[in-house]
1. Which of these, E204, E185, E14, has the largest mean-square fluctuation under a Gaussian network model of the chain (Cα springs below 10 Å)?
2. Using only Cα atoms, figure out Rg for the range 109-183 and give it as a multiple of 2.2 N^0.38 Å.
3. Cut-off under 17 Å on the C-alpha distance; same-chain residues fewer than 8 positions from K238 excluded. Which aspartates and glutamates are left, in chain and number order?
4. For the range 29-173, what is the charge dipole size about the Cα centre, in debye to the nearest 20, if Lys and Arg each add +1 at the Cβ and Asp and Glu each add -1 at the Cβ?
5. Need the C-alpha centroid separation for the range 47-96 versus the range 106-173, integer Å.
6. Which entries in the list K46/K73; K129/K245; K73/K245 go over 21 Å, if you measure between the two C-alpha atoms of each?
7. With θ taken as phi - 60° and the coefficients 6.51, -1.76 and 1.60, list the Karplus ³J(HN,Hα) couplings across the range 141-148 in order, rounded to whole Hz; mark glycine and proline as x.
8. Any idea what angle helix 155-164 forms with the longest principal axis of the chain, computed on alpha-carbon atoms, 0 to 90 degrees, nearest 10?
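Here, each number is a calculation from the coordinates, and none is a lab measurement. Nothing here was measured: the structure is a model prediction, and the numbers come from that model. As a convention, Cβ positions derive from the backbone with ideal geometry for all residues, glycine included, and neighbour counts pool all protein chains shown.
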Amino acid sequence: MEVIVENQELVLLERQDGIAIVTLNRPSSLNALSISLRNRLAETFKELASDGKTKVVILTGSGRAFTVGLDLKELGGEIEASGKIESDVAQAMSNVQVPIIGAINGYAITGGFEIALMCDFLIGTPNAKFADTHARVGVVPGWGLSQRLPRIIGVNRARELSLTGNFLDAETACSWGLLNRIVEEEELIVHCSGLARDIMSTDEATRTEMRRIINAGWESTLSEGLIEEKNANRAHGKREVRPEKVAARRNEIQERGRSQAE
């Protein structure tokens, strides 16, 4: 089997006979989504959408996290922004017309939780942990969490997670239907690759159409909700999101996260 590894620093891309393994690669920052990382991730998905060879994508993170979401140091003005936003990650992922398997190796928090929810389904390790801290940061979701999460785990459970900002462990996430199953860390990519090969063994035209109509049915009211969320996100951002507020809240959120994750 031919394996080509392209070291793109912030995002690693490995190709295996129709499978593209995309790895967020800022492990020292728990794969926090700096502007540079967001741009590179969007570029990677644009490449996959147009290469004509990719049939399934596996998305994961390096180190202890899938991704902890937006880089709050950058957002809070504590460090210089690593450029300007050039591409929309959510749009780039949506434009890839092949299944995306989320391989959740660790923390998936706020924006990272949203990226996980953009995947077709999720496989996690015992170390997988989810949290929605939008309300603690003071930012309204803009990548679909407020609309997707209730449809997957139920509206009451979604309200609990989003209004408290509490962590959700892997076992509970699996029992709630967020994770399809839990596998050991060393088996995560192997297991997801096996599922990807199962997908590729089906008729491509049929599975593509089935994926389209499943999503169309699921999103029959989701699209309106996403528009509502986007409008709220923009309006709230103009009024409430200030670097000094984000910076002040970051340490509190991290300390709370450490205590809940233990």
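1. E204
2. 0.99
3. Counting by Cα, and skipping residues close in sequence, K238 has these aspartates and glutamates nearby: E228, E229.
4. Dipole of the range 29-173, to the nearest 20 debye: 260 debye.
5. 17 Å
6. Cα-Cα > 21 Å for K46/K73; K129/K245; rest within.
7. x, x, 10, x, 4, 5, 9, 7
8. Compared with the principal axis, the helix lies near 50 degrees.
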